[in-house]
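Participant: Let me begin by handing over the structure; questions about it come next.
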């Protein structure tokens, strides 16, 4: 009786025939006062007085809508063809935009989501808990599978809150679960009650960081799970466009990529964690380029020689006194020598001077002389040295970024320059230095909120802002989350990298799902997003 009274009142208010409204399964308001009604036979477009303007004949379910500048985007599930159907709604018409492929499972629900980049997504949820997220934007590109999800096997419905970036899913007999809707980062959920939350606004409710998009990405590493970790950049001596990105697969070894992201080399050196590069070193009277990485099985420094074409050769190990070696960074001294900082999970750092003995090639040996040790209170990993002024920056994962002199003979306690908090969110991971034309910047991976903090590399270490890396829909490259290591260079690598490039590890490969990889970002885009000078 109550439902019948509601139908009669609504029908009278909008001048709709009661039998039409009674057959209606769903009704959605549109911008400008129009409405969409989904009944057993059609999607109907009604004006503010309830007059039907247009209809699209379909036996459908699960209507959802997002406004657009010239109307709205609507989705409905075509029960006869078993396909999601996208409709463009104008002021007076319903236009078929696109059909997705037929779903391969028994659909229980679907819903739209619009992210902070204003890209549209579609969630498809099955009765047995299988689910998919599809990227719909931009409209001129066919929809693409972003990721697969595992939801409760008794999921009954879904709704997305664009402003909060949340996907709400109802589990029969349990309640409403909230999931991150963007698809990046560590999968998490929380129970929010027994009723779908009321979504008041599609506008972000929290401060939104600027978003840049990757220009390119590497192939996925050859190991699944938490495998890719830390990149470094080697600059070709005569043609910067032929430079290399070296990167670690901590389940396999050291990788080399070109600037298009194509893998050029793999050295199976075991559990290599962090890597750093220095060029034009003067060791034992020879000029050489070296990469140094931490080898966790051996608690050693792994030494790699790099030739003038970017070819990498495993050149041996230097044992350390560390028990659980973890992160590392290099210091090219004013004399052209090489020193290495390596840290342990217990907070210890050791500094070594590297020497070279031999005629070259397989007869070359490398040795390390321990210069000093110091520690921070808890686990560190990322570190970087400013060779220009001899400053070492270290990341203590839970506490923040510290600095002290990289010169072993200078007795100096670490100084905290940026503590973890709302901007720099633990864990503090990769650190890198950008040496611009007039300004130097320190970039840190704020892993706890999948962002990147930029601050001046000179006192008083002013914070310049933070940004995130989103989806490059045109290039088919997913966004970035949960970054471990990163590297940056101000070298002119040509094209979009004329002002330099940023390389970051991506903890969750999407579009489609895959093993972890590394993303390339134009520094010009970062500088524009944060209004940086001197880049």
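Where a number appears in this text, it was derived from the coordinates with a stated rule and is not lab data. Because the structure is a prediction, the values reported are computed rather than measured. All Cβ positions, even for glycine, are placed from backbone atoms using ideal geometry, and neighbour counts span all protein chains on display.
Participant: Based on the Cβ-Cβ distance of residue 192 and residue 492, what FRET efficiency does E = 1/(1 + (r/R0)^6) give at R0 = 41 Å, to the nearest 0.05? Each step should come with its number before you reach the end.
Facilitator: Working: r = 50 Å, r/R0 = 1.22.
About 0.25, to the nearest 0.05.
Participant: Next question, about the same structure. Could you estimate the translational diffusion coefficient of the stretch 186-270 from the Stokes-Einstein equation, with Rh from the Kirkwood formula over C-alpha pairs, at 25 °C and 0.890 mPa s, in whole µm²/s?
Facilitator: Numbers: Rh = 16.7 Å.
In µm²/s, the coefficient rounds to 147.
Participant: Here's a follow-up. What number, rounded to the nearest 500 deg cm²/dmol, is the helix-based mean residue ellipticity at 222 nm of the chain, given -39500 (n - 2.57) per DSSP H run of at least four residues and division by all its residues? It would help to have the intermediate numbers written out before the result.
Facilitator: Values: 3 runs with 27 residues, N = 535.
So the calculated ellipticity at 222 nm is -1500 deg cm²/dmol.
Participant: Right, another one. First obtain the Kirkwood hydrodynamic radius of the stretch 59-146 from its Cα pairs, then insert it into the Stokes-Einstein equation at 4 °C and 1.567 mPa s, and state the resulting D in µm² per second as a whole number.
Facilitator: 98
Participant: Also, I was wondering about something else. Residue separation times 0.36 nm, minus the C-alpha to C-alpha distance between residue 51 and residue 355: what's the value? Can you show the working numbers first?
Facilitator: On the way: separation 304, 0.36 × 304 = 109.44 nm, distance 8.48 nm.
In short, 101.0 nm is gained.
Participant: Another question about this same structure. When a/c reaches 1.5 or more, the comparison of a/b and b/c decides; with that in mind, is the stretch 211-530 rounded, prolate or oblate per its Cα gyration tensor?
Facilitator: Values: a/c = 1.40, a/b = 1.15, b/c = 1.22.
Rounded, because the longest to shortest axis ratio a/c is under 1.5.
Participant: Among 140, 62, which comes first, then next, by fewest other beta-carbon atoms within 10 Å?
Facilitator: 140, 62
Participant: Sticking with this one: Quick check for you: which residues of the stretch 359-401 have the amide N under 16 Å from the point 7 Å beyond the Cα of residue 235 toward its beta carbon?
Facilitator: The answer is 385-389, whose backbone nitrogens lie closer than 16 Å to the label point.
Participant: In addition: With contacts defined as alpha carbon pairs under 8 Å and 6 or more residues apart, what's the relative contact order of the chain in percent? If you can, show how the numbers build up before the last one.
Facilitator: Numbers: 1437 pairs, mean separation 49.3, N = 535.
In percent, rounded to a whole number, it is 9.
Participant: Once you have a ≥ b ≥ c as the square roots of the Cα gyration tensor eigenvalues for the stretch 385-501, tell me rounded if a/c is under 1.5, and otherwise prolate or oblate according to whether a/b is larger than b/c. Could you put the intermediate results ahead of the total?
Facilitator: Details: a/c = 2.35, a/b = 1.35, b/c = 1.74.
Note, shape of the stretch 385-501 comes out oblate.
Participant: Quick check: the angle from helix 2-14's long axis to the longest principal axis of the chain, C-alpha only, nearest 10 degrees?
Facilitator: On a 0 to 90 degree scale, this one is about 90.
Participant: While we're on this one: Stretched out fully, how many nm does the piece from residue 156 to residue 398 gain, at 0.36 nm a residue minus the Cα gap? Present the calculation step by step, with values, prior to reporting the outcome.
Facilitator: Working: separation 242, 0.36 × 242 = 87.12 nm, distance 3.93 nm.
The residue 156-residue 398 span can extend by a further 83.2 nm.
Participant: Rounded, prolate or oblate: pick one for the stretch 404-469, where a ≥ b ≥ c are the square roots of the eigenvalues of its C-alpha gyration tensor, a/c under 1.5 means rounded, and failing that, prolate if a/b is larger than b/c, else oblate. Show your work: numbers first, answer last.
Facilitator: On the way: a/c = 2.13, a/b = 1.39, b/c = 1.53.
Oblate is the answer for the stretch 404-469, as a/c is 1.5 or above yet b/c matches or exceeds a/b.
Participant: Calculate, for residue 79 and residue 449, the FRET efficiency according to 1/(1 + (r/R0)^6) with r their C-beta to C-beta distance and R0 45 Å; round to the nearest 0.05.
Facilitator: Working: r = 41 Å, r/R0 = 0.91.
Efficiency, rounded to the nearest 0.05: 0.65.
Participant: Would you mind computing, in nm to one decimal, how far apart the modelled labels at residue 309 and residue 425 are, each placed 7 Å from Cα along Cα→Cβ?
Facilitator: 4.6
Participant: Using a 10 Å cut-off on Cβ atoms, rank the peptides 263-272, 448-457 from the highest mean neighbour count down.
Facilitator: 448-457, 263-272
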